[in-house]
Amino acid sequence: MTEKKKSKDSSIATKDVAQFRLPGPLVKSLDEVDKLLAAGSGDLNLDFSDCTFISVEGLEWLEEMLLRAQSKGVSISFSNVTPSVYKVFKVAHIDSVMGACGLPISGPVC
Amino acid sequence: MTTAVKDNDTSLMERVNHLTRQARLAAAVFTQYSQEDVDRIVKAMTAAAIENVEKLARAACDETRMGLFEDKMLKNFVASEFHYHQIKDKKTVGIIREFPEDNMVEIAEPVGVILALSPVTNPTSTVIFKAMAAAKTRNSIIFSPHLMAADASNMAARVVYEAAIAAGAPKGFIGWVEKSSRLRRETELMMVHPEVDLIFATGGTGMVKAACSSGKPVLGVGSGNTPVYVHKSTNVRQAAMDIIISKTFDNGTECPSEQTLVVDREIAESLIEQFKEYGCHDCNEEETAKITETIIDARTGGMNYRMVGQPANLIAEKAGITVPPETKIILCEMKGDLRGNKLAVEKLMPVLSYVVVDSVEEGLNRALDINYGGGTGHTAGIFSEDEDVIEQFGTFINAGRIIVNSPTSIGGLGGIYNNLNTTLSFGCGTGGGNITTDNVGIKNLLNYKRVPRRKHFTLSFQTTKNIYINPGSIDHLRNIKTKRAFVVTSRSAARRGHLSMVLERLPQDCRVDVFSEVCEEPEWHTIEAALQVMKQSQPDTVIALGGGSVLDASKVMRLFHDYPDLKLQEIAFNFLDFRHRMAEFPKGVKTQLVAIPTTSGTGSEVTPFAVLKDSKSQRKLSLIDETLLPTVAIIDANLTKTLPRDITADTAFDALTHALEALVSTVASDYTDGLAFEAMRLIFEALPEVLKNPTNVVWRHKLHNASCLAGMAIGNASVGVNHALAHSLGGHYDVPHGRANGVFLVSTLEYNAQIPHKFMVQSCYPLWVADEKYARAAQFLGLDEDGKLAAVGKGEKPHKGNIKQLNLALRRAIYDLSAQCGQPMSIAELGISQEDFAAAMPDLVRGAFEDMAVKTNPAVPLFEDIKDLFINAYPPRQRP
């Protein structure tokens, strides 16, 4: 479920980005991600391709996990977020979650 | 319970943030739920509420010490069972409504986080009701209960929340503020919190007002003051029983309950006797004064809140009146002007004021006094068997619910006595400072996303039914069934011998009247003059013999002869879209119209158009309707043989413009395209030959046909900016219409072939294809690159690479045809001085801009575009 990839962004080309594909609906914390984070194995990309549902508990875990990552200086990004989950992110409007989706930190946002 | 906040939490704001954040996350997660998901959740909530109706009713009574336990149970049933029955099959997710006729659907979008205020009078039923409505619509809801009922309200919230969670609802979608001394402050903070999307306020006037001042969208429910008119036609026994049922319901705490009865004198005594018989107490004047003092707060003028929901005997006891303990209602007659009577206010208790009236008018006026005395928009009631009185009452009284021959309190709830939507929140409309008069429910807790599909209007093709087309076809007049014919023509037609050709061929026994006063650009007074003659002759047939002016005038004469009451101004409105036009034409005409064109240009014999000049404004009035279509058209080229050369060329260029403009019109169709192509081809072929040999009937015939085909094309596809320019120029300088058209043709073809500055707004024109269509025309004509007729590339589909070349070839061909015919190609050639032209420019531009012809042009001609087109058309042209 995890693999290492070089970042496409040249500015972080030296850093490895671990890929983690969510196995399905996100309804609770994911131990494997927590372990990766705890191991400090570098930046992490969460692939939401197979995640078509997210619960309140899942949202809360994402928010808390992103906080942990930030404190460790680890960058987390989300990719392939499905529209139904992206709408949840939009309605919930959690800054850190939207940041992981690539929302610019400053400047006009939508 | 993650959503419950305790008083000992760190700070008020933190509690508010926590509650709203939980609700926000739940609302976000709720967006993913399907209809099946929410229906399962609502069902579970309903079952839990029904299981707990008694417990919750007991809790409400114990905490508030208001109302009746048994009635509170009934309210809990209404809020759960009745409410569920009403909403269970309603769609609230995805597409919830379809409008096939409008090609549109509505898709539901939750409103988000709702802050719900619940009242002391219905602390549990309101919570059950609102929580179920929120779940059904996938919203989160935070309850802010009344301080005096907080424990009962929160118990109800907990019961339905736990059931919902067990059924799969998102965690935290129901929240509540725990009872504390700072409950009110916490609610105020929540009202302005950014995470709250909507306030659903049912409660005391103060809280509702605070909600309305929050700046948030509010479903506020105003206070009531229900007047009930008891008309003399009613069944007194039924009225008394229903009113008792209603006013005693939960000891009168329901806001739609009766507050003042307006009773016809004829039945007043029997009604009061009936009340007494059923256990009510009718106060004398002294007792009424005591009751007033007890239940009305002298400071505010409103009801004494300590008496709300108390039983009648207790209120009487407080007032120092002795009544039997089982007394149902205390009745107090209001004498004199009730507008100053202290009892004429809302009294949420079993005290009912009444006033006796002597007529329906007085009854309606007194009911209006109560209605507008603190309960505008809320509820009213009437007992009557007279439908007229009921209708009058409904018309005059301003109330969201006007309950007929039923108890107003339980009637207002909906579902038991009528088919109103079940609710515990009564919208009062603007009269009560609310946004709705609805029985508020799930429909008010959704955003409605309308998804209209593009309109595709049905295009039709209409033209004159019978067209006789060969030279000599004027003989068809011999077969016309007519006893009274009215021939409309011009003096020149008489001179050219056309009139006698017609008269000779009409049946012997036909009475014929001739009107030959139609001149160029006919005005209304000409039509009026003809109508005077027609009034006398009463023709069954109008025969129009002449050019476009005669034909247009005849169409209008026929229409107004058949419909003498028609007003010209009412059918000559300008319009943006034919389908939405304001003008209303009659359906069908009785008198037949035979159109015999003597020029080859306008095609009026097959169009539903007529143009008249308005004598007052000097503007042209365009009439468009199928009732203007002639019944018969006779296209006999023999009538054009004597047409002078200049008129032949002018009118032929009019027809050519028709073909070119119909081709690129925004409402063009395959039908009109075919006609336009063939009309063009015939003109290019026949016009030079006709000018060389004007009496050659074969070429005249081709040109005459071209005019008719182009007429059919514009009759269905209309014209464009070239006509707008020509109308304006022609009107200003008295230039013949066809000639005016000719001077702009090369310019407008170039203009329309460029990507427009502004695309035309037209639903049935999804692709801008003007340049492609001109290219096709060039191909159809068989033009080579230089615009010469060479049959090159005929039949091939234009492609990007050659469209510009083909457009240029078409413009060159038109230039060459004009030159060959000696037709002016610029405004300067019309003899108009540059100074005069410059001075007239503002009027010319405005005239063209306002012309209806531009509405079907493939590009929106902007003011500046029109000005440029005029300027570019002034100097003598070079070959493109």
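The values are calculated or read from the model by the stated rules, or taken from the named source; none is laboratory data. Computed from a prediction, not measured in an experiment: that's the story for all the values here. Note that we place each Cβ from the backbone using ideal geometry, even for glycine, and neighbour counts take in every protein chain shown. For the accessible areas, the whole protein counts, side chains as well, though only heavy atoms, and no ligand, DNA or RNA atoms are used. Shrake-Rupley method; radii C 1.70, N 1.55, O 1.52, S 1.80 Å.
If R0 is taken as 60 Å, the Cβ-Cβ distance between residue B:453 and residue B:285 corresponds to a FRET efficiency of 0.30. Distances between every pair of Cα atoms in the protein assembly as shown, grouped in 20 Å steps from 0 to the bin holding the largest one, split as 12, 26, 19, 26, 15, 1 percent. Loop-located trypsin sites (Lys or Arg not before Pro) in region B:456-542 (DSSP state not H, G, I, E or B) with no more than 16 neighbouring Cβ atoms inside 10 Å: B:465, B:481, B:483. Annotation: the antiparallel percentage among DSSP beta bridges lying fully within region A:2-100 is about 35.
Pop the C-beta distance of residue B:566 and residue B:494 into the FRET formula with R0 = 30 Å and round what comes out to the nearest 0.05.
Working: r = 29 Å, r/R0 = 0.98.
Here the calculated transfer efficiency is 0.55.
For region B:506-620, the Cβ-based charge dipole about the Cα centre amounts to some 280 debye (Lys, Arg positive; Asp, Glu negative; other atoms uncharged). Heavy-atom accessible area buried between chains A and B is around 1200 Å² (1.4 Å probe, both sides summed).
Using a 1.4 Å probe on the protein chains only, how many percent of the accessible area of the protein assembly as shown belongs to carbon and sulfur? Before the final figure, lay out each step's value.
Numbers: 21740 of 41840 Å².
Carbon and sulfur together cover 52 percent of it.
Based on DSSP H segments of at least four residues, each scored -39500 (n - 2.57), chain B has a per-residue ellipticity at 222 nm of -13500 deg cm²/dmol.
Could you work out the mean count of beta carbons from other protein chains within 10 Å of each residue's beta carbon in A:47-58?
Numbers: counts 0, 0, 0, 0, 0, 1, 3, 4, 7, 14, 4, 2.
Per-residue shielding by partner chains comes out at 3.
Within region B:643-880, the ratio Rg/Rh, alpha carbon atoms throughout and Rh by Kirkwood, equals 0.94. Taking a span of 30 Å or more along the helix axis (Cα atoms) and a mean Kyte-Doolittle hydropathy of at least 0.5 as the rule, no DSSP H helix of chain B qualifies.
Near residue B:200, the amide H atoms lying under 5 Å from its own belong to B:115, B:116, B:117, B:219; only residues 5 or more places off or on other chains count, and H is placed 1.01 Å from N. Between the residues B:644, B:582, B:878, the greatest Cα displacement towards the positive end of the dipole of chain B, with unit charges on the Cβ of Lys, Arg, Asp and Glu, is found for B:878. For residue B:870, what charge total do you get from the other residues with a beta carbon under 12 Å from its beta carbon, if Lys and Arg give +1 and Asp and Glu give -1? Result for the local shell: -2. Counting Cβ atoms of other protein chains within 10 Å of each Cβ in A:91-98 and taking the mean gives 3. Taking the charge dipole of the protein assembly as shown about its Cα centre, with +1 at Lys and Arg Cβ atoms and -1 at Asp and Glu Cβ atoms, the residue from B:365, B:126, A:37 reaching farthest to the positive side is A:37. What residues from region B:701-726 fall in the zone where the backbone N is under 15 Å from a label point 7 Å along the Cα-to-C-beta line of residue B:581? Counting only backbone N, you get B:714-720. Placing +1 on each Lys and Arg Cβ and -1 on each Asp and Glu Cβ, with no other charges, gives region B:722-880 a dipole about its Cα centre of roughly 600 debye. Using a probe of 1.4 Å on the protein chains alone, the accessible area found for residue B:267 is around 10 Å².
Would you tally the net charge around residue B:411, using a Cβ to Cβ cut-off of less than 13 Å, leaving residue B:411 out, and scoring K and R as +1, D and E as -1?
-1
Here the protein assembly as shown is assigned +1 on the Cβ of each Lys and Arg and -1 on the Cβ of each Asp and Glu. Its dipole about the Cα centre then comes out at about 2500 debye. Shielding of peptide B:25-37 by partners, expressed as the average count of other chain Cβ atoms within 10 Å per residue Cβ, is 5.
Our note on the geometry: Cα centres of region B:798-856 and region B:174-197, 71 Å apart.
Shown here are the Rg and Dmax of the Cα trace of chain B, at 40.1, 119 Å.
Which whole-number percentage describes the relative contact order of region A:2-100, with Cα contacts under 8 Å and a sequence gap of 6 or more? Numbers along the way, then the final one.
On the way: 150 pairs, mean separation 25.5, N = 99.
The normalised contact order for region A:2-100 reaches 26 percent.
So for chain B: antiparallel DSSP bridges make up what percent, rounded to the nearest 5? Close to 25 percent.
Over every Cα atom in region A:2-100, the radius of gyration and the widest Cα-Cα span, Dmax, amount to 12.8, 36 Å.
How high is the FRET efficiency from residue B:416 to residue B:385, r the C-beta distance, R0 30 Å, rounded to 0.05?
Values: r = 22 Å, r/R0 = 0.72.
Plugging the Cβ-Cβ distance into 1/(1 + (r/R0)^6) gives 0.90.
Partners of residue B:758 within straight-line reach, counting lysines whose Cα lies under 19 Å from its Cα and excluding those fewer than 8 residues away in the same chain: B:773, B:855, B:867. Once backbone amide H atoms are built at 1.01 Å from N, residue B:593 has B:542, B:631, B:632 as its partners under 5 Å, excluding neighbours fewer than 5 places away on the same chain. Close amide H partners of residue A:19, meaning residues 5 or more places away or on another chain with modelled amide H under 5 Å apart, are A:3, A:4, A:5, A:45.
Taking the DSSP beta bridges with both ends in the protein assembly as shown, the antiparallel portion is around 25 percent. Rolling a 1.4 angstrom probe over the protein heavy atoms with all chains in place gives the protein assembly as shown an accessible area of 42 Å² per residue.
Pairs of Cα atoms nearer than 8 Å and 6+ residues apart set the relative contact order; for chain B it is 9 percent.
Taking other residues whose beta carbon is less than 12 angstrom from the beta carbon of residue B:553, and scoring Lys, Arg as +1 and Asp, Glu as -1, yields -3.
Going down the table (B:481/B:590; B:290/B:335; B:91/B:130), which pairs top 21 Å between alpha carbons? Spell out each step's value before the answer.
On the way: B:481/B:590 13 Å; B:290/B:335 15 Å; B:91/B:130 17 Å.
Going by Cα-Cα distance, every pair falls inside the 21 Å limit.
When you count, for each residue, the other Cβ atoms within 10 Å and take the mean per peptide, how do B:469-475, B:580-586 rank with the highest first? Show your work: numbers first, answer last.
Numbers: B:469-475: 15.6, B:580-586: 12.7.
My ranking of the peptides, most packed first, is B:469-475, B:580-586.
Averaging Cα coordinates gives a centre for region B:58-80 and one for region B:287-344; these two points are 23 Å apart.
Using just the Cα positions, wrap region B:1-137 in a convex hull and report its mean projected area in square nanometres, one decimal place.
Numbers: hull surface 41.5 nm².
The orientation-averaged projected area of the Cα hull of region B:1-137 comes to 10.4 nm².
With viscosity set to 1.002 mPa s and temperature to 20 °C, compute the Stokes-Einstein D of region B:226-406, Rh being the Kirkwood radius across alpha carbon pairs; µm²/s, no decimals.
On the way: Rh = 15.9 Å.
In µm²/s, the coefficient is 135.
Rounded to whole numbers, the Karplus 3J(HN,Hα) couplings from phi for region B:428-441 are 10, x, 5, x, x, x, 10, 8, 9, 9, 5, 6, 4, x Hz, using 6.51 cos²θ - 1.76 cosθ + 1.60 with θ = phi - 60°, and x at Gly and Pro. Ranking B:522, B:421, B:466 by Cα position along the charge dipole of region B:409-547, where only Lys, Arg, Asp and Glu carry charges on their C-beta atoms, puts B:421 farthest toward the positive end. Please identify the trypsin sites (Lys or Arg not before Pro) of region B:167-262 that satisfy two criteria: DSSP loop assignment and at most 16 other Cβ atoms within 10 Å. Which are they? Sparse-neighbourhood loop trypsin sites (Lys or Arg not before Pro): B:182.
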